[in-house]
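> Please find one structure pasted underneath; my questions will follow.
Where a number appears in this text, it was derived from the coordinates with a stated rule and is not lab data. Note that the coordinates shown come from a computational prediction; the quantities given were computed from them, not determined experimentally. Quick reminder, even Gly has a Cβ in these numbers, built from the backbone with ideal geometry, and neighbours come from all protein chains shown.
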Amino acid sequence: MKKNKSITTDDVLINLCQSVTEVLSKASGNKITYSAMVQKITCTCLRPDIGSFVLFDGGFNGIVVINLTSIAALEIYQDYMRNMGMPEEEISQSHLADDVANVMGELMNQIVGDFTFKVRERLQTSITQSQPKMMAISKLVQISVDTAMDRPQMRRVTFTTKNHNIFYLEFAMDRTEFIQLHEFESADSIDPDKVMEESLAETQEDTGGGDSDEADDDFLAELGL
């Protein structure tokens, strides 16, 4: 009898890492890579200089956190703006600029959107995501939002930019295992340009009528700060 194929939480993490590298490499025009080694961690945190997180639920629950140093965030942001044809004098030089956070938040949304697609096509289940929040922070903040995870598995992965700047992804999800009962066709390809266009439209729609300061206050209140 043929042994059924199983997919663990670490296999799911590989799909997420692929989404990070594919989206950011496409956006910046430069190759982004991730380490072959992964760390087991005991909690997920927002870390300086720029941090972002997204919650997801559905077929399984989890959280994705991306932490960038100022220099890594600026490299990705500036390469993205140049790749979009933006004049050099209009590109921000400080990681504290609003457009840096906006661009990185948009890219985070695209990353999780691509990951959601991979989960649907490769694991035959569905997850939904919250709107990502990207913000500049000066100290470590532990994420304690209740995501109702079942025996959470937490991992930390190191990513490297073209200029050898480092940033990190922290990931937590239910401890689960997917077992393939029979063969099926998986549509592994997705058009990154289409994802980018849809994400940009959603971002503009979501931010069109809101008060950013009030949103930040609500966000910090959720974290108990």
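> If packing is taken as the mean number of other Cβ atoms within 10 Å per residue, what is the order of 129-142, 50-63, highest first?
Taking the mean over residues of other Cβ atoms within 10 Å, the ranking is 50-63, 129-142.
> Starting from the Cα-Cα distance between Q180 and A148, subtract it from 0.36 nm times their residue separation and give me the gain in nm to one decimal.
Here the answer is 9.0 nm.
> At what distance in angstrom do the alpha carbon centres of region 6-21 and region 137-176 lie from each other?
13
> What is the gain in length, in nm to one decimal, between T160 and A97 on full extension, counting 0.36 nm per residue of separation less the C-alpha to C-alpha distance?
Contour length minus Cα-Cα distance gives 20.4 nm.
> Suppose the chain between T8 and C43 were pulled fully straight at 0.36 nm per residue; how much longer would it get relative to their current alpha carbon spacing?
That pair, T8 and C43, stretches by 10.6 nm at full extension.
> When you have a sec, figure out the Kirkwood radius of region 43-161 from all distinct Cα pair distances and drop it here in Å to one decimal?
15.5
> Is there a pair in K26/K118; K5/K26; K5/K118 whose C-alpha atoms are over 27 Å apart, and which pairs would that be?
Flagged as over cut-off: K5/K26.
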